[in-house]
């Protein structure tokens, strides 16, 4: 029995190493410490992180599933470089899904969640006044993920979360300046607080569509 317990402890510890390795690599991509098109040298990354190649390989498999890295015919792994066409396609889907998410949230949100959303939005507003766009992108991503999570639809949440990560990996810069998007967020939150699902969906879709149009015209 004692041997079984020891094996279980080792397994939990190892799984934590894998999860931490995945999170570190994902954050490095999102923050563009590993830039689009850059090759990921597994031995080098393993040495830098102080882990073996096994958790690196498993982390890269998960990152491939998220669409953040790609492997060529030689087995070399690169940070995925999204084309404008791919990004626009993601925004087309996001507009529909996040509009639906906003409608669902408006129907079920309670006072506690409204308060949490306003607090989150206040952090978003503070982030918009910072010189670093990284902070704003991170806050904006968390805001959209929170809405998807509160939709009550786990499938919808997972898809929106994955798309959000891909968008963040595309470029750390903000596609639309905070002075434009802050107004959007204020209006969306007000619609949600008033449980107006139709308006919340309309505003969310317009919010995402405006960003798509800016990318298309860039």
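Restricting 34, 104, 60, 100 to residues that are surrounded by 17 or more Cβ atoms within 10 Å (Cβ to Cβ) and part of a loop (DSSP other than H, G, I, E, B) narrows the list to 34.
Just one of the numbered conditions (1) in a helix (DSSP H, G or I); (2) buried (at least 18 other Cβ atoms within 10 Å of the Cβ) is not true of residue 151: (1).
Does the range 126-142 hold any residues that are at pLDDT below 75 and in a helix (DSSP H, G or I), and which are they? Answer for the range 126-142, where residues must be at pLDDT below 75 and in a helix (DSSP H, G or I): 126, 127, 128, 133, 134, 135, 136, 137, 138.
The values are calculated or read from the model by the stated rules, or taken from the named source; none is laboratory data. Please read these numbers as outputs of a predicted model, since none were measured by experiment. Note that each Cβ is placed from the backbone with ideal geometry, even for glycine, and that neighbours are counted across all protein chains shown.
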